[in-house]
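Chemist: My structure is below; once you've seen it, I'll send some questions.
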Amino acid sequence: MITKEVLEINRKLFYELWNLADNSKLTTELSPRLIFPKKRDEEIRISEQESRVLLCGLLNNSNYFYSVETPTEELYKQKGKTHRSASSDLSLYIQTNNKTKKVLNVELKAHNPRKENIRKDIEKLMREDVPGNWFHTLKNIDRRTLLKIFNKIAGSIKDCKKNGDENNLSIIFSFCVLEQQWGCIKHFDYKPEYGEFNEYVDNFFALEYCINKSEIVIGKDAGWEIVEQY
């Protein structure tokens, strides 16, 4: 149930981001109250913070409770030499037996981060004992942008699997491209009976596309759901 609901929340977040205004794009009746700020050089500042604010707004109208910068249950050695608690960007909860139960962790990314920055957040999604959601915002893409990011994510998943004993692994991956108003979304839902893990990872990220006059044209969708603004 939560997978279906989170997929729908991610789709709604695509449209919320596409309808955000900035100093060169006027507000419309569909625009949220949030806008993209501009820097001193008039360039629009895009980050994962817009996704976080809009996601919280969507969750305020859902059946879920949520927390931000949630301390992890596991310890991680991501900086320095000691293991310590890290934090998830956002976590979802349900209420059961008069208690709140965590049911999902969310990691938000923007642009094209270094692999180590990706690996640290992938590790948290893999090691915490709940499903995950990776939501990635991009200003625009060329014919290699997603392939580079996918390679970093796939490599990070394989590296973290080598260091752990995870069996089932459930992460919803979403990528939202602002200028082309295009997105793709897919559920990584690995179980040991599906076969060799690295092969599953490679097949999962086997999306093929090209750019034709700024339009994103899919050659092989590899099971990715494509979402576009019309």
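Chemist: Say we look at segment 115-130 and pick out the residues that are among the hydrophobic types (A, V, I, L, M, F, W, C) and under 21 Å from residue 100 (Cβ atoms); which of these is surrounded by the most Cβ atoms within 10 Å (Cβ to Cβ)?
Modeler: This residue is 125.
Chemist: Of everything in segment 131-154 that's surrounded by 21 or more Cβ atoms within 10 Å (Cβ to Cβ) and of a type in the set (S, T, N, Q), which residue is farthest from the chain's Cα centre (by Cα)?
Modeler: 137
Chemist: In segment 109-132, which residues are out of contact with any Gly (no Cβ under 7 Å at 6 or more places or on another chain) and either in a strand (DSSP E or B) or within 12 Å of residue 157 (Cβ to Cβ) (or both)? Working first, answer last.
Modeler: Residues of segment 109-132 that are out of contact with any Gly (no Cβ under 7 Å at 6 or more places or on another chain), as a first pass: 109-114, 116-124, 128-132.
Result: 109, 110, 118, 119, 121, 122, 123, 132.
Chemist: If you check 35, 46, which single one turns out to be surrounded by 13 or more Cβ atoms within 10 Å (Cβ to Cβ), of a type in the set (A, V, I, L, M), over 26 Å from residue 1 (Cβ atoms) and under 16 Å from the mean Cα position of the chain (by Cα)?
Modeler: 46
Chemist: A follow-up question, please. What residue, among those in segment 16-31 that are part of a loop (DSSP other than H, G, I, E, B) and more than 24 Å from residue 59 (Cα to Cα), is modelled with the lowest pLDDT?
Modeler: So the first thing to find is which residues in segment 16-31 are part of a loop (DSSP other than H, G, I, E, B), and the list is 19-20, 23-24, 26-31.
Filter once more, so that each one left must be more than 24 Å from residue 59 (Cα to Cα): 23-24, 26.
Working: 23: 70, 24: 74, 26: 79.
For segment 16-31, the residue satisfying everything is 23.
Chemist: Go through segment 197-230 and give me each residue that's crowded, with 17+ Cβ neighbours inside 10 Å and assigned to a loop (DSSP other than H, G, I, E, B).
Modeler: Passing the criteria: 205, 207, 224.
The values are calculated or read from the model by the stated rules, or taken from the named source; none is laboratory data. These numbers come from a predicted model, not from an experiment. Ideal geometry is used to build each Cβ from the backbone, glycine not excepted, and the neighbour counts take in all protein chains shown.
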